[in-house]
Every structure is written in C-alpha cells, then in structure tokens.
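Beneath this line is the structure, given in structure tokens, with notes to follow.
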Amino acid sequence: MNAFDEARYCIRCATPLAAQRLFGKLRPVCPTCGWIYFADPKVAVAVLISHNSSVLLGRRVNDPGRGQWTLPAGFVDAGEDPLEAARRECFEETGLEIEIIDLLDVMYGQEHERGAHILIVYLGRILGGSLRAADDIDAVDFFGLDALPPLAFSTTEKILRKWQEKAR
Ligand SMILES: [Zn+2]
C-alpha cells in the first residue's frame, strides 16, 4: 500500500492531504497546517527459545497462518524497548518469563499485508512462569527441528535454518 492510500486526511485538522516533494520523495502533506505523513516501518520482535535442542512454537488463532505454528512474536509499541516487547509478547503468548540472551537476526521484508516490515529476532532463555497458550496462540509446545509442525510463515523457516547453522 502506498502512502497516499494509507493517509488521505490530516490527523491534526482533517484537511485532505496533497502530494508534495519533501525530503526526496512525494509525500502526503497537509496544505492547511503543514503536517507531513511519513510512512514508517512497522517493527516486530520474535523470540527463539530452545530446550534440549527443541524449539518453542505457538499455534496461531488468527489468519494469516491460522492453525499453523510460529515463534512467540508481536509488534513493538511506540515508545517500547524491543527487548521489553520480546519479553512481554513471550509472556502474553506462552506464560513463560524469559531473559534475552542474544540477537539472532534482523530481517527486512513484509510477508503479508498486516505483517511487520522489520523483524528483530532474539534468542531467549526461560527464567520462570508456566507454559500455557494465550492471546492469539491456542497451543504451545517444544518441537525438534526434524519433527516440526506446519509453519505459518516462510520467515519462521528462515529463522530456524539460521539458528541451526549457527548452532553447528
Ligand atoms: Zn492539517
């Protein structure tokens, strides 16, 4: 979706936005108050938590990828540290309290229309809590890489491959 489909009216004064070349690009700009719409990337975090070389996955309640499995993940809120977002999402979806121990990858590319543009993938370690599925996940379990369930996103596959290569 381009910026002109995303924003048609000024969020400050409700005037229809007009195209203006600013900072090297045509951008939606309010002719009345000067507000500029910058289409910012959406940022998400995912956490890979392993236990005896098995990896923690959750089954998605919602489309896209309903009934298929992926890593605990979610969007970073404005003003939120991505590390905190990763711990929060993990707790909300799986009931586990974790600490972040490493950065595995930063990936660019939107896999589906409601997906993030930038995905930060951390490695996490369990500190406490008890495993239970919640939020937009209805089952959680550990899987060996040779016995994975159907995965929701090709991104999940890429992350698991990268993790496997790194572990060698
Ligand atoms: Zn305005």
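The values are calculated or read from the model by the stated rules, or taken from the named source; none is laboratory data. Here the structure is a predicted model, which is why all the values come from computation and not from measurement. Neighbour counts run over all protein chains shown; Cβ positions are idealised from the backbone, glycine included.
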Problem - Residues of region 53-79 classified as out of contact with any helix residue (DSSP H, G or I) (no Cβ under 7 Å at 6 or more places or on another chain), without any contact (Cβ under 8 Å) to a residue 60 or more places away in the chain and either of a type in the set (Val, Ile, Thr) or farther than 16 Å from Glu93 by Cβ (or both), total - result: 3
Exercise for the section: Tell me, yes or no, whether region 65-78 has at least one residue that is away from the ligand (no atom under 16 Å from the Cβ), charged (D, E, K, R) and more than 24 Å from Arg161 (Cα to Cα). Expected result: yes
Problem - Sole exception among (1) outside any strand (DSSP E or B); (2) within 16 Å of the ligand (Cβ to nearest atom); (3) basic (Lys, Arg) for Arg27, by number - result: (1)
Problem - Meets criteria (in a helix (DSSP H, G or I) and either touching a residue at least 40 places away in the same chain (Cβ under 8 Å) or out of contact with any strand residue (DSSP E or B) (no Cβ under 6 Å at 6 or more places or on another chain) (or both)) for Ala86 - result: yes
Problem - From the options Arg59, Arg21, residue that is surrounded by 15 or more Cβ atoms within 10 Å (Cβ to Cβ) and either within 16 Å of the ligand (Cβ to nearest atom) or part of a strand (DSSP E or B) (or both) - result: Arg59
Exercise for the section: Any chance you could count how many residues in region 11-26 are of a type outside the set (Val, Ile, Thr), modelled with pLDDT of 95 or more and under 30 Å from the mean Cα position of the chain (by Cα)? Expected result: 2
Practice task
Taking Ala44 as the residue in question, decide whether it is in a strand (DSSP E or B), farther than 30 Å from Pro28 by Cα and at pLDDT 95 or above.
Solution key: no
